[in-house]
Amino acid sequence: MVGGKWGQELTKESQMKLTLALLASIAANLACSTIGDICSELWRTTGGHEWFYIGFGVNIFTVLFFMIAIRLGGLSITTAFVLIITILTNVGIGHFVFNESVNSVQWAGVILGIIAITLVLHSTKVSP
């Protein structure tokens, strides 16, 4: 696998460390993003400005972890992977925790979005 500085070959150990660091940064991004989104929803429903400030602060870390994930894993694959997880997490929390209604057309949109992102992931694996 090429991915070291200036296209150097990575050893198996380096690949494993890189993969673990990438997964950790994606997990941290998802956790911060989810907490930030929940704070936004609480700000919307309660009107309490403290939720805005908490969510804003947490989302700064969301951006930081996302930038780290892109640096480690590249833009296209990392972004597509994060989008799939974020879509599923936010729709699930909105529907099951906050009792937001999701109609059949919206579910179809979520499914089509996941299919589209999956196709992007697949197309980046195929080399011309």
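The values are calculated or read from the model by the stated rules, or taken from the named source; none is laboratory data. Given the structure is predicted, the values throughout are model-derived calculations rather than measurements. Positions of Cβ are backbone-derived with ideal geometry, glycine not excepted, and every protein chain shown enters the neighbour counts.
Some notes on this structure:
- Enumeration of residues in segment 57-103 that are buried (at least 16 other Cβ atoms within 10 Å of the Cβ) and over 25 Å from residue 20 (Cβ atoms): 90, 91, 94
- Against the conditions (1) out of contact with any helix residue (DSSP H, G or I) (no Cβ under 7 Å at 6 or more places or on another chain); (2) modelled with pLDDT of 90 or more, residue 35 satisfies every one except (1).
- Long-range neighbours under 7 Å by Cβ, at least six apart or interchain, first residue over 23 Å from residue 98 (Cβ atoms) within segment 22-39, second of a type in the set (A, V, I, L, M) and assigned to a helix (DSSP H, G or I): 22/69; 22/72; 25/68; 25/69; 25/72; 26/69; 26/82
- Filter result for residue 41 (acidic (Asp, Glu), on the phi < 0 side of the Ramachandran plot and touching a Phe, Trp or Tyr at 6+ places or on another chain (Cβ under 7 Å)): yes
- Selection within segment 57-104 - of a type in the set (A, V, I, L, M, F, W, C), under 17 Å from the mean Cα position of the chain (by Cα) and over 15 Å from residue 30 (Cα atoms): 72, 75, 77
- Members of segment 85-102 that are of a type outside the set (D, E, K, R), assigned to a loop (DSSP other than H, G, I, E, B) and in contact with a helix residue (DSSP H, G or I) (Cβ under 7 Å, 6 or more places away or on another chain): 98, 102
- Filter result for residue 77 (touching a Ser or Thr at 6+ places or on another chain (Cβ under 7 Å) and in a helix (DSSP H, G or I)): yes
- Set side by side, the residues 63, 105, 58, 82 differ, and just one is assigned to a helix (DSSP H, G or I), within 26 Å of residue 121 (Cα to Cα), in contact (Cβ under 8 Å) with a residue 12 or more places away in the chain and among the hydrophobic types (A, V, I, L, M, F, W, C), which is 82.
- Among the residues making up segment 67-79, those that are closer than 17 Å to residue 120 by Cβ and not polar (S, T, N, Q) are 69, 70, 73, 74, 75, 77.
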